[in-house]
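Worksheet for the structure shown next.
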Amino acid sequence: MPPASPPHETPLARTRRARKIDRALAERYPDAHCELDFRTPLELLVATLLSAQTTDVRVNLVTPALFARYPDAEAYAGADQAELEELIRSTGFFRSKARALIGLGRALVEGFDGEVPGRMTDLVSLPGVGRKTANVVLGNAFGVPGLPVDTHVLRVTGRLGLIDSEDPVQVEAELCGMLQRRDWTMASHRFIAHGRRTCHARRPACGACPVARWCPSAGLGPMDPEEAGRLVKASAHVVGVIAGG
Ligand code: SF4
């Protein structure tokens, strides 16, 4: 369960705290960004679907060959399942992912002339595409602000007492209500960077945390700066390579 927010905090005070936290995270992680490699909305949509249960680093290893073999929605729609499986095998769950990509290609061809739509309602109508994936594509490929909520965003915002829910849809709605629309996409990247590098699931580096002063969970991990500093990861890339998470 996420911790309670600071006692007697009004909605306005919580909003102010959320924005201070976002600014502090922006200073700590100026390099936070979408870590999936892509050139087009379709490539990002495919990469995001492949990233389920694996790391962005691992996805980036398979996508160059995948994107070369399947350059458009028609190619996925007509793909040979076994051949597609081989190309994405190392990302795990490759059978269901291959089925999903073929289904996605067909839905794009049948409903959207083979193009990835740039609206939330259309994106979530595609098979296998939920709000998180749709927000990733909207925010990073279309420049439409969106706040994808993944496991890191859930954990970090819960510990910070910003959100009382563990339902990603509600968390997204509440966070969007507190942050300025123009900041939604980057705020998600920053919460994810904080979760990967500092506010780890098992042992958060509270003593090296730039937002500890606004966090009701400070002390969950070591508060000693040296001990905490040793827990901080240099970059999400390093974490992905080391932890596979
Ligand atoms: S103080 Fe600790 S629990 Fe709170 S956000 Fe920072 S690392 Fe996470």
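Every number in this text was worked out from the coordinates using simple rules, so none of it is lab data. Remember, predicted model here, so these are calculated numbers, not experimental data. Reconstructed Cβ throughout: ideal geometry from the backbone, glycine too, with neighbour counts over all protein chains shown.
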Given R₀ = 30 Å, FRET efficiency for residue 15-residue 122 by Cβ-Cβ distance, to 0.05? 0.45
Using helices alone, what [θ] at 222 nm do you get for the chain, with -39,500 (n - 2.57) per DSSP H run of 4 or more residues, divided over all residues and rounded to the nearest 500? -17000 deg cm²/dmol
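How about region 10-110: which trypsin sites (Lys or Arg not before Pro) there are in a DSSP loop, with at most 10 other Cβ atoms within 10 Å of their Cβ?
39
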Projecting the Cα atoms of 79, 205, 223 onto the charge dipole of the chain, where Lys and Arg contribute +1 and Asp and Glu -1 at Cβ, the residue farthest towards the positive end is 223
Quick one: the Cα spread of region 41-115 along its three principal axes, in angstroms, biggest first? 31, 24, 20
Quick one: go through region 57-75 and flag any residue whose amide nitrogen is under 19 Å from the point 7 Å out along the Cα-to-Cβ line of residue 31. 57-61
³J(HN,Hα) computed for each position of region 82-96 - Karplus, 6.51 cos²θ - 1.76 cosθ + 1.60, integer Hz, glycine/proline x: 5, 5, 5, 4, 4, 5, 10, 3, 5, 8, x, 6, 5, 5, 5
Taking Rh as the Kirkwood radius computed over alpha-carbon pairs of region 153-230 and applying Stokes-Einstein at 10 °C with viscosity 1.306 mPa s, one gets a diffusion coefficient in µm² s⁻¹ of 123 µm²/s
Quick check on the chain: what are the equivalent-ellipsoid semi-axes from the Cα gyration tensor, as sqrt(5λ), descending, whole Å? 35, 20, 14
Loop GluC sites (Glu not before Pro), region 134-185 (other Cβ atoms within 10 Å of the site Cβ: 15 or fewer; DSSP): 166
For region 137-179 and region 190-205, distance of Cα centres in Å: 15 Å
